[in-house]
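The values are calculated or read from the model by the stated rules, or taken from the named source; none is laboratory data. The shown structure was predicted, so the numbers you read here are calculated from the model rather than taken from an experiment. All Cβ positions, even for glycine, are placed from backbone atoms using ideal geometry, and neighbour counts span all protein chains on display.
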């Protein structure tokens, strides 16, 4: 297969190309079949042998993109209906993301779509569950509070009974002590009186 392409010539930073007809498998700077013109990208000047280019095109030669654009400018080839746009290939992460989105979309399509009635039913069930849970929680709280109050009452009652028993025991001990004290006081008074009487009798003598 013959190709019409550019062969690089010229110095560094001053490129100059020759338009050649060459076998497709030949290297860029390999042996050409025929020189068909030249092209300078610096000065934007070019020259093409129109007759020979038309001959090679009739033989089935394929021009590269740059050569094709030059041939369109020279009106050897008709203008393209659309311009070929070069799209930069996406990066690896973007490719993975696009692949994941594609699979997710496919899975969503495969899943059976829920009807509006089913969604409403699901919402009502969730609501009932929530209300039931709240009722159970309030019931547990009320039971706990009732148990706590009863316990508190029992404790207060026990304390009260204990206090009453202690008070009654003290009251029983008190009258006994008071009776003994009174007897003791009487005996002491009697003894004092007797001693006084004996002293007075001795003084008289």
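Of these, 101, 79, 54, which one is in a helix (DSSP H, G or I) and loosely packed, with under 11 Cβ neighbours inside 10 Å? Steps first, answer last, please.
Working: 79 fails: in a helix (DSSP H, G or I); 54 fails: loosely packed, with under 11 Cβ neighbours inside 10 Å.
Residue meeting the stated conditions: 101.
Exactly one residue out of 132, 139 is part of a helix (DSSP H, G or I), surrounded by 10 or more Cβ atoms within 10 Å (Cβ to Cβ) and at pLDDT 85 or above, and it is 132. Against the conditions (1) modelled with pLDDT under 85; (2) assigned to a helix (DSSP H, G or I); (3) surrounded by 10 or more Cβ atoms within 10 Å (Cβ to Cβ), residue 117 satisfies every one except (3).
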